[in-house]
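The values are calculated or read from the model by the stated rules, or taken from the named source; none is laboratory data. All of these numbers come straight from a predicted model, not from anything done at the bench. Note that each Cβ is placed from the backbone with ideal geometry, even for glycine, and that neighbours are counted across all protein chains shown.
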Amino acid sequence: MCDSSRRARWLTALTTPRIPPRLSARFGSPSEAGRQAVLALLRDDWQSNGAADRGQAGESPEEMLRDLEARTGRNRRLVIPWLDAARPLADAAILEVGCGTGCGTVPLTEQGAKVTGVDLRDDSLRVTRARLEAQGLSARLIRLNADELAAGLAGESFDVVLFWASLEHMTPAERLVALRGAWDLLPAGGLLGVIDTPNRLWDYDAHASQLPFFHWLPPRIALPYAARSSRPSCRALAAADEDALYRYGRSVSFHEFDLAVAPAETLDVVSGLDEFLRRHNFPRRLRWWCPGRDRRHARRLRRRCRRVHQAFFEESLQLLIRKP
Ligand SMILES: C[S@@+](CC[C@H](N)C(=O)[O-])C[C@H]1O[C@@H](n2cnc3c(N)ncnc32)[C@H](O)[C@@H]1O
């Protein structure tokens, strides 16, 4: 093993909380034939989709698969233990809005959750289905716009509804309708979760343009300014419309939840991922007590709205709200 991968492993081990053995025992991996089937789908999509669509970083199908597997692994180690601590996943009815290519669907299903995944894109749902099959798993996958949850899932109810790296890809109108629809699908005590969603209150747009302040610009300024991004797929937005700007990715803040669900200071945030990781991992806790620039920034933001939960001021929105 080379020095850099040894260092990466050591760093991961140091900053990963201990995973309960009953969870790690269910972590799976795809069969080789199943993996090749997923790769074939990614190759088909890569050939038939436009260049701007070929993964945000313009990766090859092989790189995309490695990226999906790495994200799934990270979700298993960091997100699954957090979710399971808030609501045991075995047998939980979970709606995943914007499930994409399954980096959340696979680790949730592995744990015995009954997952319904919805997404706009058929090609992504096909990849998710193949990834599940490659591990002998299955979930209900439906092509649906998140602004149609109320009609598409009428009469259903879920223990948890998750927006996992998806809310930031919706238009402003879709965000509000989707959050309202999701809230209505929860019973009292159910959890609404947002995970891996860039926070609009931070000043650097690491998620989409990789430019400072880009996500603060009004769309009519942001679209032509996208030409300054170092990412080719983002530069292509200079010739696109406002919806494409949002579909590409535009950060979110507590304001959407305030408008769609309830005033932000009244939301019952039962858990934030950052706080969970700090509680369960000493090096992360140490960083909290010896704050660097980022931590000081998060605290300064909170001082502006002291009654809003701290999790809404972290760099990524990763929190669970309980319905009263
Ligand atoms: C960055 S991907 C994340 C996928 C997955 N949750 C994950 O963590 O890997 C965002 C997904 O949200 C989906 N999406 C965006 N807007 C949507 C909408 N209005 N309704 C349903 N899905 C949407 C996209 O099609 C895409 O698959």
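So here's what we get for this one:
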read-out	value
Verdict on G73 being in contact with a strand residue (DSSP E or B) (Cβ under 8 Å, 6 or more places away or on another chain), among the small types (G, A, S) and either within 11 Å of the ligand (Cβ to nearest atom) or not in a loop (DSSP other than H, G, I, E, B) (or both)	no
Pairs, first more than 17 Å from A113 (Cβ to Cβ) in the range 158-171, second polar (S, T, N, Q) and in a strand (DSSP E or B), C-beta under 7 Å, six or more apart	A165/T197; L167/T197; E168/T197
Flag if W82 is modelled with pLDDT under 95, part of a helix (DSSP H, G or I), farther than 30 Å from R235 by Cα and aromatic (F, W, Y)	no
Only one of L176, L162, L144 that is within 11 Å of the ligand (Cβ to nearest atom) and more than 24 Å from D274 (Cβ to Cβ)	L144
Among residues of the range 208-235, those that are surrounded by fewer than 22 Cβ atoms within 10 Å (Cβ to Cβ) and under 26 Å from V161 (Cα atoms), counted	0
Residue check for R250: charged (D, E, K, R), out of contact with any strand residue (DSSP E or B) (no Cβ under 8 Å at 6 or more places or on another chain) and touching a residue at least 60 places away in the same chain (Cβ under 8 Å)	yes
Considering residues of the range 119-134 that are touching a helix residue (DSSP H, G or I) at 6+ places or on another chain (Cβ under 7 Å) and not in a helix (DSSP H, G or I) only, the residue farthest from the ligand (Cβ to nearest atom)	A134
Which listed residue is away from the ligand (no atom under 16 Å from the Cβ) and in contact (Cβ under 8 Å) with a residue 40 or more places away in the chain, from L267, L211	L267
Selection within the range 95-118 - within 12 Å of the ligand (Cβ to nearest atom), closer than 26 Å to D274 by Cβ and not in a loop (DSSP other than H, G, I, E, B)	L95, E96, V97, T105, V106, P107, L108, V115, G117
Residues (surrounded by fewer than 20 Cβ atoms within 10 Å (Cβ to Cβ) and touching a Pro at 6+ places or on another chain (Cβ under 8 Å)) located in the range 118-142	Q135
Hey, A151 without any contact (Cβ under 8 Å) to a residue 12 or more places away in the chain and either within 13 Å of the ligand (Cβ to nearest atom) or closer than 21 Å to A93 by Cβ (or both) or not	yes
